[in-house]
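Have a look at the structure below before the remarks.
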Amino acid sequence: MKNSGFTFRKRLASFRYAFNGIRLLIQKEHNAWIHCFAAICVVIAGFFFGLSQTEWIAVVIVIGAVLSA
């Protein structure tokens with residue numbers, strides 16, 4: 001397979017496809033609504049309780065892991 005190299009246009013298209021997939025996930029998958037709602041609640045609670053930078057990193061990693069699973 002020939003590698004056509006890096007182009008900025010291809011990278012933008014990749015991000016467009018990724019964000020379209022996220023949009024479809026939220027629109028079509030009802031369980032994703034529940035996970036997104038829970039993630040929003042966790043972020044609000046994090047601001048309320050004043051999480052440290054390390055704790056925010058852990059929260060973001062865990063939210064990403066749940067949504068990607």
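The values are calculated or read from the model by the stated rules, or taken from the named source; none is laboratory data. None of the values given here were measured: they were computed from a predicted structure. Here Cβ is always computed from backbone atoms with ideal geometry, including for glycine, and neighbour counts include all displayed protein chains. We work out accessible area using only protein heavy atoms, side chains counted, and drop any ligands, DNA or RNA first. Shrake-Rupley method; radii C 1.70, N 1.55, O 1.52, S 1.80 Å.
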For this session: Could you tell me which of the residues ILE44, ILE57 is surrounded by 11 or more Cβ atoms within 10 Å (Cβ to Cβ), out of contact with any Lys or Arg (no Cβ under 6 Å at 6 or more places or on another chain) and among the β-branched types (Val, Ile, Thr)?
Result: ILE57
Problem set entry | Subset tally (residues that are open to solvent by 90 Å² or more (accessible area, probe 1.4 Å) and over 19 Å from PHE19 (Cβ atoms)) for region 31-41 | 3
